[in-house]
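**Q** One structure, pasted below without further comment.
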Amino acid sequence: MNLLEDCKSNKLTLIATYKLVQDAAESLGVSLDGPLTKICERAHINRPQVYEKKTQIENALGGMDLAGPGRPVVPVLPSEEETNWRLREKVLRFRLNHPDALVFRRFGGYTTYSDSFIRFVFDLHDEWDGSSERFCEQVEIPYDTFRNWSKKKE
């Protein structure tokens, strides 16, 4: 059911819509008391324009579907935060399945990366829609390291 049909068949929706219009009129300083001709005169509006606008509003309300019962629809496009979480999850899953993907060296303070991990990171980067710096933050690889890999790749 759309909003226009609901206004015509549901008293609650009708009264809520009426209250919305009253509040809007009050905030604009427009009095809605009396015949339409007088209301238009006080507001300095041509009466035929009111009927044109009414038709536009009816068409818009007729195109607005009301939410049905049940859970709301989940948005199709993932948010940026969700995309970041998915990327981090892929990297962590790879690291769990390949314990030798990253080796932290206590002495010397550097990290070595396996060739398979480097290829995996490049594959993820090919799918990434954003800056390389932000990508490196998400996969927790220093940007300079990624740039060095890119130079060697070329």
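The values are calculated or read from the model by the stated rules, or taken from the named source; none is laboratory data. Since the structure is predicted, the reported quantities are computational estimates derived from the model, not experimental observations. We place every Cβ from the backbone using ideal geometry, glycine too, and count neighbours over all the protein chains shown. For accessibility, only protein heavy atoms count, side chains too; no ligands or nucleic acids. Shrake-Rupley method; radii C 1.70, N 1.55, O 1.52, S 1.80 Å.
**Q** Among the residues of the stretch 24-36, which ones are open to solvent by less than 100 Å² (accessible area, probe 1.4 Å) and not in a helix (DSSP H, G or I)?
**A** Those that are open to solvent by less than 100 Å² (accessible area, probe 1.4 Å) and not in a helix (DSSP H, G or I): Gly29, Val30, Ser31, Leu32, Gly34, Pro35.
**Q** Same structure, new question: Name the residue that is modelled with the highest pLDDT, counting only residues in the stretch 108-150 that are part of a loop (DSSP other than H, G, I, E, B) and of a type in the set (Gly, Ala, Ser).
**A** Looking at residues that are part of a loop (DSSP other than H, G, I, E, B) and of a type in the set (Gly, Ala, Ser), I get Ser114.
**Q** Here is a further query. Being under 20 Å from the mean Cα position of the chain (by Cα), open to solvent by 60 Å² or more (accessible area, probe 1.4 Å), closer than 30 Å to Leu36 by Cα and of a type in the set (Asp, Glu) is the requirement here; does Asp65 meet it?
**A** So Asp65 passes the test.
**Q** When you look at Glu127, is it more than 30 Å from Glu5 (Cα to Cα) and charged (D, E, K, R), yes or no?
**A** yes
**Q** Test of understanding: among Arg47, Arg106, which residue is under 30 Å from Glu26 (Cβ atoms) and either β-branched (Val, Ile, Thr) or more than 28 Å from the chain's Cα centre (by Cα) (or both)?
**A** That would be Arg47, the only listed residue that is under 30 Å from Glu26 (Cβ atoms) and either β-branched (Val, Ile, Thr) or more than 28 Å from the chain's Cα centre (by Cα) (or both).
Residue-wise test of (1) under 30 Å from Leu124 (Cβ atoms); (2) among the basic types (Lys, Arg); (3) in contact with a strand residue (DSSP E or B) (Cβ under 9 Å, 6 or more places away or on another chain).
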{"position": "Leu3", "(1), (2), (3)": "no, no, yes"}
{"position": "Lys8", "(1), (2), (3)": "no, yes, no"}
{"position": "Lys11", "(1), (2), (3)": "no, yes, no"}
{"position": "Ser31", "(1), (2), (3)": "no, no, no"}
{"position": "Glu41", "(1), (2), (3)": "no, no, no"}
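**Q** Among Val21, Val50, which is the only one that is in a helix (DSSP H, G or I) and open to solvent by less than 60 Å² (accessible area, probe 1.4 Å)?
**A** Result: Val50 is the single residue among Val21, Val50 that is in a helix (DSSP H, G or I) and open to solvent by less than 60 Å² (accessible area, probe 1.4 Å).
**Q** Shifting gears a bit: Which of the residues that make up the stretch 133-154 are open to solvent by 30 Å² or more (accessible area, probe 1.4 Å) and within 15 Å of Thr83 (Cβ to Cβ)?
**A** Arg134, Glu137
**Q** Right, another one. Scanning the stretch 87-97 for residues that are open to solvent by 70 Å² or more (accessible area, probe 1.4 Å) and of a type outside the set (Lys, Arg), which turns out nearest to Gly130 (Cα to Cα)?
**A** This residue is Glu89.
**Q** Yes or no: Ile15 open to solvent by 100 Å² or more (accessible area, probe 1.4 Å) and β-branched (Val, Ile, Thr)?
**A** It is true that Ile15 is open to solvent by 100 Å² or more (accessible area, probe 1.4 Å) and β-branched (Val, Ile, Thr).
**Q** On the basis of being open to solvent by less than 70 Å² (accessible area, probe 1.4 Å), closer than 30 Å to Ser9 by Cα and without any contact (Cβ under 8 Å) to a residue 40 or more places away in the chain, does Ala101 make the cut?
**A** no
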